[in-house]
Every structure is written in structure tokens, then in C-alpha cells.
1. Report whether or not L47 is surrounded by 16 or more Cβ atoms within 10 Å (Cβ to Cβ) and assigned to a helix (DSSP H, G or I).
2. Just to be sure I understand the filter: pairs with C-beta atoms under 9 Å, separated by 6 or more residues or on different chains, first member in the stretch 69-86 and exposed (fewer than 12 other Cβ atoms within 10 Å of the Cβ), second member assigned to a loop (DSSP other than H, G, I, E, B) and not aromatic (F, W, Y). Which pairs pass?
3. Look at A46 and say whether it is farther than 22 Å from T100 by Cα, of a type outside the set (S, T, Y) and more than 12 Å from the chain's Cα centre (by Cα).
4. Take the conditions surrounded by fewer than 16 Cβ atoms within 10 Å (Cβ to Cβ) and not in a loop (DSSP other than H, G, I, E, B) and apply them to T64. Does it pass?
5. Which pairs have Cβ atoms under 7 Å, sit 6 or more apart or on different chains, and link a residue in the stretch 1-23 that is more than 13 Å from A52 (Cα to Cα) to one that is surrounded by 15 or more Cβ atoms within 10 Å (Cβ to Cβ) and of a type in the set (F, W, Y)?
6. Cβ-Cβ distance below 6 Å, separation of 6 or more or different chains: which pairs start in the stretch 39-68 with a residue that is under 24 Å from T104 (Cα atoms) and end on one that is assigned to a loop (DSSP other than H, G, I, E, B) and modelled with pLDDT under 85?
7. Being part of a loop (DSSP other than H, G, I, E, B), modelled with pLDDT under 85 and either of a type in the set (G, A, S) or closer than 16 Å to A72 by Cβ (or both) is the filter here, so list the residues in the stretch 83-100 that pass it.
Amino acid sequence: MLAEGWPRLLPGSLASATHSLIRMGHAVRALNAAQTPPRVAELGQALGYWAARYQPLAGAAHPTGRHTATQALDAVPRVPDQSGGVSARVTQLAHTPGWTTATTALRSPSSAEEVPLALAALGTPG
């Protein structure tokens, strides 16, 4: 379920200030330690929360590339105007050269077993 749902939801990961993505990451980490009914339920609720608040980023495309999360993030261009908060910056992405290319460069997990490693890579420096 996660291997199929995560790539579909990823373009809307900034919705609700990434809280849904963070919540799902905690659920996956907990399930990786031990699978229990409450942890499985939390994963389902986290995915549902993410889906309910889904707001796609303008100019983002479905990830079909070969880059790891770190490589894909390194390829994301800076928006021209760095003033203002995250909302002001996000609205610039669709018009920022290289943005769509960077979003397609990400390699989606091809199996459920790859999802925890891909999520862990997002939180691992450099």
C-alpha cells in the first residue's frame, strides 16, 4: 500500500506544512521496529491525512528518474525571491527553471521494502 501510495502523494507533500509526510515517516519507522495493529492503523491514518490535505505543487511532475532523494533535492533550484515564507517561495516554483526536471529526476521505490530506506534517506544529512 505504501509503495503504491507514496509516489502518488509525494507531489502534495508540502500540504499542511509537511505534517502528513512527517507523520507517515514516524509510522513507517515504528512499523519497521515492530508491526502492531495500532502502528498499522497509524500508517493508514497518516496516509489518509496526507490524501485529505493533498495540494500538488505547480509544475511538479510524477517522479520517473533514477536519483536518490538526496540527489533529487540537490537538483532543486533556488527560487529567485528568497524573501517571505514558504508559501511565497512555493508559488514561485512553477516558474523556476529546472524545477520540473528536478521533480521528475527522483526514483520512486519499486517495492514496499524500499520505502523505509527511501524515507530514511530524506532525513539523513548529505
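1. Judged against the criteria, L47 is a match.
2. Listed by first residue and then by second, the contacts come to R78/T96; P80/Q92; P80/T96; D81/Q92; V86/L14.
3. yes
4. no
5. R23/Y49
6. P63/S108
7. Just the residues of the stretch 83-100 that are part of a loop (DSSP other than H, G, I, E, B), to begin with: 83-85, 91-92, 96-98.
With modelled with pLDDT under 85 added as a condition, the list becomes 84-85, 91.
Correct list: G84, G85.
The values are calculated or read from the model by the stated rules, or taken from the named source; none is laboratory data. Please read all numbers here as calculations on a predicted model, not as lab measurements. Neighbour counts run over all protein chains shown; Cβ positions are idealised from the backbone, glycine included.
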